[in-house]
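Heads up, the thing below is written out as structure tokens.
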Amino acid sequence: MPHAGDAVTPVREASGSAELRQAAEVARAALTLDSGEGPALVDRLANSPAGRRWTALVIDGGVVMASVSGKDPAVGHIDLLAVHPEVQGRGHGRELVRAAEEWLRSVGVRQARFAGNPPCYAWPGIDVRYTAAACLAESLGYERYHMAWNMTADLGTDLSVDDDLARLAQRGVHVHTAEQGRKRVAGFVREHWNENWAWEAINAAGLHYAERDGRILGFAAWGARPAWFGPMGTAPEARELGVGGVLLRRCLADMRAAGQTSAQISWVGPLRFYSRAVGARAERVFWLYRRDLA
Ligand SMILES: CC(C)(COP(=O)(O)OP(=O)(O)OC[C@H]1O[C@@H](n2cnc3c(N)ncnc32)[C@H](O)[C@@H]1OP(=O)(O)O)[C@@H](O)C(=O)NCCC(=O)NCCS
């Protein structure tokens, strides 16, 4: 770790896994609201969907990751920014954002955003409590253009589903864990929603689905964004059967078994459904920022 007075090397592209591992440790130390998820987030972003253009730029004690939107190649995303607490306040953050903008410009991007680049993202935007990051964005001329939020579910709650499974079985609906057969579930997700959600289903840590007579009716996934729940969906023909609540609780039970005491329900979404199903509350709020690159 550099100390006050040390000469700082300029921003450079992270070369190889050793530098990415160092960047991961910087992220762990800086991302104090993300319970040690920094390394998993760096790893997730470094394994983004095939064809996505992305970069990781580092400076001693700092990292920024940026990518080009899959939807609009003129839009770029600053996916992750972290400066080690020991060297914050010395201009590293500003320099990293400038370097990310330069990289984005060099690959044809005309607007940079502090906003998640679905389906592979760390956050929907800047968590308002990472206030220094919001100040940095604003001081660099970024405009706040949107807001997003997560919900939090405490995992100490009752997540049993046995009665619901029996009730669903009486109506011919059966619920499974997709250990194998992920591609089939992803096909259902693609047909009813979009390619982004299908990628998340394939890349989830856990995936559950419901079916009747060989037809998939609904799915729920967690861990595509490390440690967070989502996405989930029930086909229109199967709404109001209680399928969604069961799939949600099965995922949350997995997350509890993986050692989590609470779950972030990502980038919602239907407040009332999650509030009623598992007593979730709106909690993390994210501001999305954008700036046209000259
Ligand atoms: C946000 C962060 C990357 C800034 O890095 P940094 O190297 O400390 O920032 P710099 O020294 O380059 O400061 C640049 C600007 O950031 C803002 N800033 C930095 N520290 C700040 C603080 N403590 N309070 C308010 N604004 C602050 C200011 O706008 C500052 O410029 P100004 O003082 O001229 O207005 C760093 O604080 C960090 O890693 N925070 C935790 C992780 C995080 O929030 N990441 C973003 C997640 S989306």
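Every Cα-Cα pair in the chain was counted, and those over 32 Å apart are 29% of them. A full extension of the chain between residue 281 and residue 167 corresponds to an added length of 38.3 nm, given 0.36 nm per residue minus the alpha carbon distance. The relative contact order of region 161-294, computed from alpha carbon pairs under 8 Å that lie at least 6 residues apart in sequence, is 19 percent. Could you grab the Rg to Rh ratio for region 1-134? Cα atoms only, Kirkwood for Rh. That ratio equals 0.94. Which whole-angstrom value gives the distance between the alpha carbon centres of region 53-128 and region 274-289? First find each Cα centre; the distance between them is then 25 Å. Annotation: for a label point projected 7 angstrom from Cα along Cα→Cβ of residue 174, no residues of region 223-249 have a backbone N closer than 13 Å.
The H on the amide N of residue 117, modeled in the peptide plane, is under 5 Å from the matching H of 122, each at least 5 residues off or on a different chain.
Look at 219, 286, 188, 114 and count the other Cβ atoms within 10 Å of each Cβ; fewest to most, that gives 188, 286, 114, 219. Taking the Cα centre of region 62-163 as origin and assigning +1 to Lys and Arg Cβ atoms and -1 to Asp and Glu Cβ atoms, the resulting dipole is close to 720 debye. 3J(HN,Hα) along region 250-259: 5, 5, 5, 5, 4, 5, 5, 5, 7, x Hz, from the Karplus curve 6.51 cos²θ - 1.76 cosθ + 1.60 with θ = phi - 60°, whole Hz, x for Gly and Pro. Based on Cα contacts under 8 Å between residues 6+ apart, the chain shows a relative contact order of 20 percent.
Taking R0 as 25 Å, what FRET efficiency do you get between residue 212 and residue 271 from their Cβ-Cβ distance, rounded to the nearest 0.05? Can you show the working numbers first?
Working: r = 28 Å, r/R0 = 1.13.
Result of the calculation: an efficiency of 0.35.
Arranged from fewest to most other beta-carbon atoms within 10 Å of their beta carbon, 197, 222, 123 become 197, 123, 222. Phi angles across region 210-224 convert, under the Karplus curve 6.51 cos²θ - 1.76 cosθ + 1.60 with θ = phi - 60°, into 3J(HN,Hα) values of 10, 9, 9, 6, x, 9, 6, 10, x, 8, 8, 9, 9, x, 5 Hz, Gly and Pro given as x. The mean of 1/r over all pairs of different alpha-carbon atoms in region 156-260, once inverted, gives a Kirkwood hydrodynamic radius of 13.6 Å. Here the simple spin-label model places points 7 Å from the Cα toward Cβ, and for residue 183 and residue 157 these points are separated by 3.7 nm. Computed about its Cα centre, the charge dipole of region 156-260 is approximately 160 debye, with only Lys, Arg, Asp and Glu carrying charge at their Cβ. The string of couplings for region 130-141 from the Karplus curve (6.51, -1.76, 1.60, θ = phi - 60°) is 7, 4, 4, 5, 5, 4, 4, 4, 5, 5, 8, x Hz, one whole number per residue in order, with x for Gly and Pro. Taking packing as the residue-averaged number of other Cβ atoms within 10 angstrom, the listed peptides 16-22, 43-49 run from highest to lowest as 43-49, 16-22.
Between 221, 203, 235, whose Cα lies farthest towards the positive end of the dipole of region 156-260 when Lys and Arg beta carbons carry +1 and Asp and Glu beta carbons carry -1, centred on the Cα centre? The residue sitting farthest along the positive end of the dipole is 203. Take the Cα of residue 107, step 7 Å toward its Cβ, do the same at residue 258, and the gap between the two points is 2.6 nm.
So if each residue of separation counts as 0.36 nm, and I subtract the Cα-Cα distance between residue 205 and residue 9, what length gain in nm does that give?
Value of the extension gain: 66.8 nm.
Each residue in 120, 251 was given a count of other beta-carbon atoms within 10 angstrom of its own, and listing them fewest first yields 120, 251.
Values in this text are rule-based calculations from the coordinates and carry no lab data. All of these numbers come straight from a predicted model, not from anything done at the bench. Reconstructed Cβ throughout: ideal geometry from the backbone, glycine too, with neighbour counts over all protein chains shown.
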